[in-house]
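Colleague: Here you go, one structure.
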C-alpha cells in the first residue's frame, strides 16, 4: 500500500494512513489533551488502536508470519572420502596387528610421506612396524625416538633446527621417510635400509645387526595374510 506524506510543524514529515504513529501525531497536533474529558477519550481510542491496528513486527519485515515457528536448519557433517591408498595401508597395518586407536592416522601419514618423498608406502610402513609397531612415544636404548626411531645423536640437531616434533606422528614419519630416501638414493634400496638402521661397514657386529634388520623389514614388507594364502592354495588344488 502506498501512503502520501503530510508535513507538520512538529516533525516536518509524517506518513499518512491508518497506523498508530500517524493517528497519535494527528491527535497531538490538534491539542486534544487540553482537558480531562478529551484525555479519557484519547485513552479509549489508544486502546482501540493498539488492538485494531497493531504495528508490523520484525517478523513481517523479514517475510515470516507472526507466530510462525522458525524453521531449523540442519547441518550435515562433511564426510571426507578416504583414498584407496589409505584404505589399503590401513588394511596392511591391521594385518600386522597395529592398534586401531591411531591406525588411520598412521596410514594417512605414511601415504602422504611416501608420495612426498617418492617411496613405497609399504616400505615405510614395514620399517615403522619393525622400529616401533606404531608407538609414537617409543624410546630405545640407543637414543632413538618416535614412530620411525629417529637417532638423536645423528638427527636431533636437524630436527631441533627445523622445528620437527619427533613425538608427533606426522612429523616423525615424514622425517624418517626423508632420511630413508636420502640413504636409498646413495646406496640403493636394501643397502639404504641398512644405513637407516645405523649400518657401519667396518664393524662385524653392525654388519650382522643390519642383515637381521633387513630380514625383519623384508618379512613384513612381503607379508601376506594367512587367509589369502589358504585361498590361493585351495584354488590351485581345484585346478
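We did not get these values from a lab; they are worked out from the coordinates using the rules stated. Keep in mind the model is a prediction, meaning the values are calculated, not measured. Cβ: placed from backbone, ideal geometry, glycine included. Neighbour counts: every protein chain shown.
Colleague: Take the conditions within 21 Å of the chain's Cα centre (by Cα), part of a helix (DSSP H, G or I) and under 15 Å from residue 220 (Cβ atoms) and apply them to residue 106. Does it pass?
Modeller: Working: within 21 Å of the chain's Cα centre (by Cα): yes; part of a helix (DSSP H, G or I): yes; under 15 Å from residue 220 (Cβ atoms): yes.
Yes: the conditions hold for residue 106.
Colleague: Of these, 125, 136, 114, which one is under 24 Å from residue 214 (Cα atoms) and not in a helix (DSSP H, G or I)?
Modeller: Working: 125 fails: not in a helix (DSSP H, G or I); 114 fails: not in a helix (DSSP H, G or I).
On inspection, the qualifying residue turns out to be 136.
Colleague: Write out, first by first residue and then by second, each pair whose Cβ atoms fall under 6 Å of each other, whose residues are 6+ apart or on separate chains, and whose first residue, in segment 133-147, is at positive phi while the second is not in a loop (DSSP other than H, G, I, E, B).
Modeller: 134/106; 143/152; 143/153; 146/172
Colleague: More than 22 Å from residue 219 (Cβ to Cβ) and exposed (fewer than 14 other Cβ atoms within 10 Å of the Cβ): is that true of residue 141 in this structure? Full working, then the answer.
Modeller: Numbers: more than 22 Å from residue 219 (Cβ to Cβ): yes; exposed (fewer than 14 other Cβ atoms within 10 Å of the Cβ): yes.
When the stated conditions are applied, residue 141 passes them.
Colleague: Could you tell me whether residue 164 is in contact with a helix residue (DSSP H, G or I) (Cβ under 6 Å, 6 or more places away or on another chain) and without any contact (Cβ under 8 Å) to a residue 12 or more places away in the chain?
Modeller: Working: in contact with a helix residue (DSSP H, G or I) (Cβ under 6 Å, 6 or more places away or on another chain): yes; without any contact (Cβ under 8 Å) to a residue 12 or more places away in the chain: yes.
Yes, satisfied.
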